[in-house]
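J.: Before we start, here is the structure in question, set down as structure tokens.
Here, each number is a calculation from the coordinates, and none is a lab measurement. The structure displayed is predicted, hence computed values, not measured ones. Virtual Cβ from ideal backbone geometry, glycine too; neighbours counted across all protein chains shown.
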Amino acid sequence: MSESVLIVGTGPGLGSSLARLCASKSMKVVLASRNFEKLKDLKKEIEAETLVCDVSNVKDVSNLFKQTDKLIGIPNLVIYNASSRPKKSSVVELDPIETQKSINITCFGAFLVAQEAAKRMLKRKSGSIFFTGATGGVKGFANSSVFAMGKFGLRGLAQSLARELHPQGIHITHFVIDGAISKEPYGDYQTMHPDEIAKTYLQFYHQDKSAWAWEIELRTSVEKF
């Protein structure tokens with residue numbers, strides 16, 4: 001029986017690289033995004049299923065998993081790759097409504113997706129739920145408080161779920177992406193290639209239960225940290 005993956009938050013960067021890699025391993029792929037149009041070419045390329053979802057909306061996420069159930073059954077792997085990064089701004093200049101929307105996408109949406117995935121995976125007593133984090137989730141920068149709030153919350157969610165769900169057979173991993181992602185090289189390893197990042201996700205997916213990791217930080221060889 002072929003394995004399957006649901007990737008939530010699929011764009012032209014890491015999400016697409018993850019989708020292509022999973023498809024190359026004969027996994028059934030379902031892609032979810034707020035913008036269906038940007039997935040047309042990728043859908044055709046790897047013969048993936050595509051679904052529209054606003055991750056900040058409870059009903060949308062519930063419907064996403066109901067549709068996924070029909071398409072591929074319970075996914076073996078669910079990757080939460082969605083986030084919102086507003087323009088850097090002073091705390092006194094931030095729009096509260098836009099701030100709330102951003103946190104809902106980066107953090108609350110991750111909870112909604114993880115909850116629906118866990119409900120299903122616990123019945124089977126197996127599965128993996130992966131979260132794409134960032135430097136902003138371990139180190140808050142000036143004029144970047146909204147992104148920090150969302151990513152700190154995401155990391156806390158992942159850490160808590162790892163402690164709760166690992167003993168029940170569900171592998172949780174938080175990936176700290178410390179640096180810019182780009183397929184076009186900038187200088188000597190100044191940016192991270194999404195295809196190389198995706199390979200690490202698959203390495204973690206295949207980890208043996210005797211040595212599960214819940215978090216890893218990825219950065220270029222020249223990144224200061």
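J.: Need the C-alpha centroid separation for the range 31-109 versus the range 1-20, integer Å.
T.: Cα centroid to Cα centroid, the span is 12 Å.
J.: State the answer as a single residue: which of N104, A118, G13 lies farthest towards the positive end of the charge dipole of the chain, with beta carbon charges of +1 for Lys and Arg and -1 for Asp and Glu, about the Cα centre.
T.: Comparing the listed Cα positions along the dipole, A118 ranks first.
J.: Further, regarding this structure: May I ask you to sort I181, I79, I172 by Cβ crowding, counting other Cβ atoms within 10 Å and putting the fewest first?
T.: Final ranking by Cβ density, sparse to dense: I181, I172, I79.
J.: Let me ask another. Add +1 for every Lys or Arg and -1 for every Asp or Glu among the other residues with Cβ under 11 Å from the Cβ of G73, and state the total.
T.: +2
J.: Among rounded, prolate and oblate, which fits the range 136-194 when a ≥ b ≥ c are the square roots of the eigenvalues of its C-alpha gyration tensor, a/c under 1.5 means rounded, and a/b larger than b/c means prolate?
T.: Judged from the Cα gyration tensor, the range 136-194 comes out oblate (a/c at least 1.5, b/c at or above a/b).
J.: Set the Förster distance to 22 Å, then compute FRET efficiency between L94 and A180 from the Cβ-Cβ distance, nearest 0.05.
T.: The pair L94/A180 has a calculated efficiency of 0.40.
J.: I need the per residue convex hull volume for the range 101-174, using only the alpha carbons, in cubic angstrom as a whole number.
T.: For the range 101-174, the hull spanned by Cα atoms encloses 60 Å³ per residue.
J.: Follow-up question, since we're still on this one. What are the ³J(HN,Hα) values, in whole Hz, obtained from phi via the Karplus relation 6.51 cos²θ - 1.76 cosθ + 1.60 with θ = phi - 60°, for each residue of the range 70-76 in sequence order, with x given for Gly and Pro?
T.: The phi angles translate into 6, 7, 9, x, 6, x, 6 Hz.
J.: Taking every DSSP beta bridge that has both residues in the chain, what percent is antiparallel when rounded to the nearest 5?
T.: 0 percent
J.: Okay, moving on. For the range 107-225, give the magnitude of the charge dipole about the Cα centre (Cβ charges: +1 Lys/Arg, -1 Asp/Glu; no others), in debye to the nearest 20.
T.: Value, rounded to 20: 600 debye.
J.: Quick one: length gained pulling S2 to A142 fully straight, 0.36 nm per residue minus the C-alpha distance?
T.: Taking S2 through A142 to full extension adds about 45.8 nm, to one decimal.
J.: Can I ask one more? Report the Cα centroid-to-centroid distance between the range 125-163 and the range 164-225 in angstrom, as an integer.
T.: Value for the Cα centre distance between the two parts: 13 Å.
J.: Further question: So for D178, D54, D69, fewest C-beta neighbours within 10 Å to most, what's the order?
T.: D69, D54, D178
J.: Which net charge results for the neighbourhood of D41, defined as the other residues with beta-carbon distances under 13 angstrom from its beta-carbon, given Lys and Arg at +1 and Asp and Glu at -1?
T.: +2
J.: Something else about it: Any idea what diffusion coefficient the chain gets from Stokes-Einstein, in µm²/s, Kirkwood Rh on alpha carbon pairs, 37 °C, 0.692 mPa s?
T.: For these conditions, the coefficient is 185 µm²/s.
J.: Another question about this same structure. Remind me, relative contact order of the chain in percent, using alpha carbon pairs under 8 angstrom and six or more residues apart?
T.: Result for the chain is 19 percent.
J.: Over the range 48-181, calculate the relative contact order: mean separation of alpha carbon pairs under 8 Å at least 6 apart, over the residue count, as a percent.
T.: 27 percent
J.: Same structure, new question: Placing unit charges on C-beta atoms (Lys and Arg positive, Asp and Glu negative, everything else neutral), compute the dipole magnitude of the range 4-218 about its Cα centre in debye, rounded to 20.
T.: For this selection, approximately 660 debye.
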